[in-house]
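Trainee: Here it is: the structure, laid out below.
The values are calculated or read from the model by the stated rules, or taken from the named source; none is laboratory data. Here the structure is a predicted model, which means the values were calculated and not measured. Neighbour counts are summed over all protein chains in view; Cβ atoms, including those assigned to glycine, are modelled from backbone coordinates with ideal geometry. With ligands, DNA and RNA removed, areas are computed over all heavy atoms of the protein, side chains included. Shrake-Rupley method; radii C 1.70, N 1.55, O 1.52, S 1.80 Å.
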Protein chains: 2
Amino acid sequence: MTVKVIQSVDRAIDILELFMASKPELSIKEISGKLELSKSTVHGIIKTLEYRGYLQQDPESLKYRLGIKLFELGNVVGNSMDIRKIASPLIRGLVEELSETVHLAVMEREEVVYVEKLEGPRTLTIYSHVGKRAPVHCTGVGKAILAYQSEEQIERMLTSGDLVAHTQHTMTDISVIREHLRTIRENGYAVDDEEIELGLKCVAAPIFDHQGNVTASISCSAPKVRADEVSFAEMVGKIMAAASEISAALGYRSPLVVNL
Amino acid sequence: MTVKVIQSVDRAIDILELFMASKPELSIKEISGKLELSKSTVHGIIKTLEYRGYLQQDPESLKYRLGIKLFELGNVVGNSMDIRKIASPLIRGLVEELSETVHLAVMEREEVVYVEKLEGPRTLTIYSHVGKRAPVHCTGVGKAILAYQSEEQIERMLTSGDLVAHTQHTMTDISVIREHLRTIRENGYAVDDEEIELGLKCVAAPIFDHQGNVTASISCSAPKVRADEVSFAEMVGKIMAAASEISAALGYRSPLVVNL
DNA sequence: CCTTTCGTTCGGCATTGTCGAACGCCGTTC
DNA sequence: GAACGGCGTTCGACAATGCCGAACGAAAGG
């Protein structure tokens with residue numbers, strides 16, 4: 001079932017997304033090369049995007065970069081996310097208590113997107129950004145969400161892309177992951193033990209919405225050396241507590257405490 | 001000089017921007033009505049945008065809202081703004097010292113866009129958001145930038161739109177504003193005294209880039225009652241100091257201290 | 001000064017997007 | 001429970017629109 005797309009709109013999006021994947025500045029030549037379109041076609045679309053403020057041209061190099069209008073629209077989206085408003089103060093508290101970086105992520109298609117990030121005082125450089133995508137199979141936030149999807153959904157999410165091994169600890173066998181997800185459901189939290197980056201350990205907990213679905217999660221990330229037994233247990237407790245508080249604020253009633 | 005625009009791309013942008021101006025959820029009917037396009041035309045464009053993640057449909061109401069992809073792209077733009085990285089820690093410091101809300105804004109077309117905002121502890125509800133536009137003629141950040149543009153630029157920016165009076169203190173006479181801008185240049189800072197919102201007073205200072213152009217500014221906003229003589233002087237001093245520190249970090253060499 | 005490279009303009013052609021009409025799926029009304 | 005109305009979706013025909021290649025112009029490099 002391929003959707004009937006408007007070609008020029010589709011191409012305009014292709015152009016915009018080129019700036020995400022590759023360099024922040026691109027010339028018409030580069031764009032037409034990468035998309036295999038004629039210069040004049042690209043020129044027309046680009047001028048439209050520029051005219052509307054979605055691209056801007058550097059007057060010196062004549063190259064283009066993303067325009068402020070995207071910043072505006074992006075913030076409209078960001079400000080309309082209820083979960084962000086609810087989670088923000090809690091995340092601030094977590095960072096203060098744990099002194100480590102905390103992430104909030106939501107599920108989007110077959111990946112997760114970080115929607116909030118607050119770095120701890122002892123900054124370790126994790127390569128993550130608000131607005132960035134991450135795979136589900138090798139991140140704490142991803143696995144915490146994945147574990148609570150339906151069987152079909154899990155199947156889809158794990159088979160849609162390649163299970164890329166980011167480190168030697170990344171699980172790439174689908175049956176191993178499925179078994180691992182069972183453990184996550186039993187524990188109520190997910191651990192990422194150097195599965196996306198060596199030396200990085202994360203604890204993540206699922207966030208339930210008012211319908212009982214999991215579409216978001218929060219995590220705490222620390223260098224493996226700092227995540228020893230004691231502080232690890234503290235991380236688990238605090239992250240899970242925060243996650244259930246956010247879930248409650250979203251209107252979720254835990255099935256365990258429902259008594260009619 | 002009207003640019004030759006690609007119609008369908010232009011319309012797709014019209015659709016996206018409808019969500020900024022009006023409600024966060026719109027039906028096809030509403031969109032086709034507002035844009036005076038046939039339902040089928042809107043349908044085609046919307047499905048393309050949805051397919052690419054720039055809109056998402058609520059499965060219940062069948063209405064559409066802006067998609068996460070815009071959040072992603074918006075953050076790419078936000079993270080690539082050098083001025084934000086430079087200014088962020090200074091803004092944090094300002095808020096701590098002044099205990100009032102601080103804004104960072106950049107010029108965009110004939111308006112300013114807030115790119116950073118940090119609220120003071122004593123939160124007064126100013127209706128401003130990161131990513132929101134504001135007029136130049138009645139805001140501190142706007143006037144601080146406007147004062148340092150070329151005569152032609154000032155002319156353009158003041159005549160492009162209506163000089164809307166937001167309060168009885170808003171300056172709407174172009175010659176009065178021009179004279180006012182001269183004062184701003186003499187002082188080195190701009191004051192907004194209840195010109196956009198009653199009871200709100202702001203101090204703003206221009207930020208110079210490496211070429212000596214002013215394309216950004218920072219401001220401190222406080223309820224007029226709290227901006228008494230003493231704290232007002234403190235606000236002016238601290239905002240100007242921060243602005244010149246940011247300017248210096250951007251590579252600006254003040255013409256007053258240049259000695260060859 | 002010639003060459004190369006890239007952005008821009010132009011015009012003809014066919015693809016593509018557009019529109020109105022019709023369909024089908026709700027929810028509502030009587 | 002049948003008829004209605006509203007809305008999203010599909011369809012088909014037409015022509016407007018966007019596409020391409022070629023040519024132009026400007027700027028940079030040798």
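Trainee: Across the stretch B:31-51, what is the number of residues that are open to solvent by 40 Å² or more (accessible area, probe 1.4 Å) and not in a helix (DSSP H, G or I)? Give the steps one after another, and end with the answer.
Mentor: Step one: filter the stretch B:31-51 for residues open to solvent by 40 Å² or more (accessible area, probe 1.4 Å), giving B:33-36, B:38-41, B:43, B:47, B:50-51.
This time we only want the ones that are not in a helix (DSSP H, G or I), so: B:36, B:38.
Final tally of qualifying residues: 2.
Trainee: Let me ask something additional. Can you tell me which condition residue B:219 does not meet? The list is (1) under 23 Å from residue B:89 (Cα atoms); (2) without any contact (Cβ under 8 Å) to a residue 60 or more places away in the chain; (3) among the hydroxyl-bearing types (Ser, Thr, Tyr), and all the others hold.
Mentor: (2)
Trainee: Something else: Residues that are more than 14 Å from chain B (Cβ to nearest Cβ): list the strands (runs of 3 or more DSSP E) wholly contained in the stretch A:98-168 that include at least 1 such residues.
Mentor: On the way: elements: A:101-108, A:111-118, A:133-135.
Where strands (runs of 3 or more DSSP E) fall fully within the stretch A:98-168 and carry at least 1 residues being more than 14 Å from chain B (Cβ to nearest Cβ), they are A:101-108, A:133-135.
Trainee: Next question. Go through (1) more than 18 Å from residue B:191 (Cβ to Cβ); (2) open to solvent by less than 10 Å² (accessible area, probe 1.4 Å) for residue B:102 and report which single condition fails.
Mentor: It fails just one condition, (1).
Trainee: Could I ask something else about it? Part of a helix (DSSP H, G or I), more than 20 Å from residue B:8 (Cα to Cα), more than 8 Å from chain B (Cβ to nearest Cβ) and within 13 Å of DNA strand C (Cβ to nearest atom): is that true of residue A:93 in this structure? Before the answer, list the steps.
Mentor: Numbers: part of a helix (DSSP H, G or I): yes; more than 20 Å from residue B:8 (Cα to Cα): yes; more than 8 Å from chain B (Cβ to nearest Cβ): yes; within 13 Å of DNA strand C (Cβ to nearest atom): no.
So residue A:93 does not fit the description; no.
Trainee: So which residues in the stretch B:61-85 are open to solvent by less than 30 Å² (accessible area, probe 1.4 Å), touching a residue at least 24 places away in the same chain (Cβ under 8 Å) and outside any loop (DSSP other than H, G, I, E, B)?
Mentor: Passing the criteria: B:64, B:66, B:70, B:74, B:78, B:83.
Trainee: Now for a separate question. For the stretch A:1-15, enumerate the residues that are open to solvent by less than 50 Å² (accessible area, probe 1.4 Å) and within 9 Å of DNA strand C (Cβ to nearest atom).
Mentor: Within the stretch A:1-15, A:5, A:6, A:8, A:9, A:10 qualify.
Trainee: What's the number of the only condition in (1) more than 7 Å from chain B (Cβ to nearest Cβ); (2) within 16 Å of DNA strand D (Cβ to nearest atom); (3) open to solvent by 40 Å² or more (accessible area, probe 1.4 Å) that residue A:23 fails to meet?
Mentor: Of (1) more than 7 Å from chain B (Cβ to nearest Cβ); (2) within 16 Å of DNA strand D (Cβ to nearest atom); (3) open to solvent by 40 Å² or more (accessible area, probe 1.4 Å), only one is false for residue A:23: (2).
Trainee: Determine which single condition residue B:15 fails, assuming it passes every other condition in (1) within 16 Å of DNA strand D (Cβ to nearest atom); (2) within 12 Å of chain A (Cβ to nearest Cβ); (3) not in a helix (DSSP H, G or I).
Mentor: All conditions are met except number (3).
Trainee: Inside the stretch A:86-97, can you point out the residues that are in contact (Cβ under 8 Å) with a residue 40 or more places away in the chain and either more than 18 Å from residue A:204 (Cβ to Cβ) or open to solvent by less than 20 Å² (accessible area, probe 1.4 Å) (or both)? Don't jump to the end; show me each part of the working.
Mentor: Quick first cut of the stretch A:86-97, residues in contact (Cβ under 8 Å) with a residue 40 or more places away in the chain only: A:86-87, A:90-91, A:93-94, A:97.
Answer for the stretch A:86-97, where residues must be in contact (Cβ under 8 Å) with a residue 40 or more places away in the chain and either more than 18 Å from residue A:204 (Cβ to Cβ) or open to solvent by less than 20 Å² (accessible area, probe 1.4 Å) (or both): A:87, A:91, A:94.
Trainee: Here is a further query. If the requirement is being within 26 Å of the chain's Cα centre (by Cα) and within 16 Å of DNA strand C (Cβ to nearest atom), which of these qualifies: A:37, A:73, A:98, A:18?
Mentor: On the way: A:37 fails: within 26 Å of the chain's Cα centre (by Cα); A:73 fails: within 16 Å of DNA strand C (Cβ to nearest atom); A:98 fails: within 16 Å of DNA strand C (Cβ to nearest atom).
Just one listed residue meets the conditions, A:18.
Trainee: Further question: What about residue B:58, is it more than 10 Å from chain A (Cβ to nearest Cβ) and either more than 12 Å from DNA strand D (Cβ to nearest atom) or open to solvent by less than 40 Å² (accessible area, probe 1.4 Å) (or both)?
Mentor: Numbers: more than 10 Å from chain A (Cβ to nearest Cβ): yes; either more than 12 Å from DNA strand D (Cβ to nearest atom) or open to solvent by less than 40 Å² (accessible area, probe 1.4 Å) (or both): no.
Answer is no for this residue.
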